[in-house]
Amino acid sequence: MRWKKEEIEYLKENYPTEKSISEIIAYLKRSRKAIRHKAARLELSRPNIPHNKPKNKKHRKIYDKDYYERHKKRIYRLKKERVIKKKKDLAIVLGGKCQNCGYNKCIWALDFHHKNGDKEECISKLISDFSKEKALKEVKKCILLCANCHRELHYGEKYKG
């Protein structure tokens, strides 16, 4: 099958661009091999484009959003497991029990209290969002108290009945 003048012009115009070979094949209704052969005879070259380059510049955001929507429950479950493990590890560093009354039944009932009262960083934020090393550095400035002892320490004198 001979090449028409319009087809050759289309090939000369589109082959050297970033237009995909698939689009050129669809327009010309010719095989990939025939198009490459004709382009070689016309001394046309393609730009060095990765074959898996996405057409849409926001491709990664779209893909990530789609992945998140499909795996939301798993993502939250894994994050919660990481937070629990990190809090247990940090509590063990400080003894694993309330330093006032000795309570140690539930990890979530234990709070980190800054010794000096200067609250540089929120420990719960460090545990959930930052590295273990950064959280450990801040936890070393704290003592471990159960929720009751912690509240009594902060508000006990103000609201004694």
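Just so it is clear, none of the values below were taken in a lab; they were calculated from the coordinates. These numbers were taken from a predicted model, which means no experiment stands behind them. When we count neighbours, we look across all protein chains shown, and the Cβ atoms used for this are built from the backbone with ideal geometry, even at glycine.
Do the sum for the chain: with -39,500 (n - 2.57) for every DSSP H run of n ≥ 4, divided by all residues, what is the mean residue ellipticity at 222 nm, to the nearest 500 deg cm²/dmol?
Values: 8 runs with 86 residues, N = 161.
Value at 222 nm, helices only, nearest 500: -16000 deg cm²/dmol.
Charges at C-beta only: +1 for Lys and Arg, -1 for Asp and Glu. How large is the resulting dipole of the stretch 79-155 about its Cα centre, in Debye rounded to 20?
Details: 18 positive and 10 negative charges, 66 e Å.
Its charge dipole is roughly 320 debye.
For the chain, take the longest principal axis of its alpha carbons; what is the angle in degrees between that and the long axis of helix 59-70, to the nearest 10 within 0 to 90?
Helix 59-70 and the main axis of the chain meet at about 50 degrees.
Enter the angle in degrees (range 0 to 90, nearest 10) between the Cα long axis of helix 5-14 and the first principal axis of the Cα atoms of the chain, meaning the one along which they spread out most.
30 degrees
Using the beta-carbon distance between LYS140 and ARG74 and R0 = 41 Å, what value does 1/(1 + (r/R0)^6) give for FRET efficiency, to the nearest 0.05? Don't jump to the answer; show the numbers that get you there.
Values: r = 33 Å, r/R0 = 0.81.
Given R0 = 41 Å and the Cβ-Cβ separation, E is 0.80.
Express the C-alpha Rg of the chain as a ratio against the empirical globular expectation 2.2 N^0.38 Å, rounded to two decimals.
Numbers: Rg = 32.0 Å, N = 161, 2.2 N^0.38 = 15.2 Å.
Relative to the 2.2 N^0.38 Å estimate, the chain comes out at 2.11.
Considering only Cα-Cα distances, which of the following residue pairs are longer than 25 Å: LYS88/LYS134; LYS58/LYS87; LYS73/LYS134; LYS86/LYS141?
Details: LYS88/LYS134 15 Å; LYS58/LYS87 37 Å; LYS73/LYS134 27 Å; LYS86/LYS141 17 Å.
From LYS88/LYS134; LYS58/LYS87; LYS73/LYS134; LYS86/LYS141, over 25 Å: LYS58/LYS87; LYS73/LYS134.
Nearest 0.05, what FRET efficiency do ASN52 and ARG151 give at R0 = 41 Å with Cβ-Cβ as r? Before the final figure, lay out each step's value.
Values: r = 57 Å, r/R0 = 1.38.
Computed FRET efficiency for ASN52 and ARG151: 0.15.
So what is the relative contact order of the chain, in percent, for Cα pairs below 8 Å that sit 6 or more residues apart?
Numbers: 102 pairs, mean separation 28.9, N = 161.
Here the relative contact order equals 18 percent.
Quick check on packing: order 133-144, 8-19, 59-70 by the mean number of other C-beta atoms within 10 Å, highest mean leading. Write down the numbers at each step before the final one.
Working: 133-144: 16.8, 8-19: 13.8, 59-70: 10.3.
For the peptides 133-144, 8-19, 59-70, the packing ranking is 133-144, 8-19, 59-70.
LYS4: which lysines have alpha carbons under 21 Å from its alpha carbon, excluding same-chain residues fewer than 8 sequence positions away?
Straight-line reach from LYS4, under 21 Å: LYS12, LYS19, LYS29, LYS33, LYS38.
Using only C-alpha positions, report the orientation-averaged shadow area of the convex hull of the stretch 72-155, nm², one decimal.
Details: hull surface 23.1 nm².
Taking the Cα atoms of the stretch 72-155, their convex hull projects to 5.8 nm² on average.
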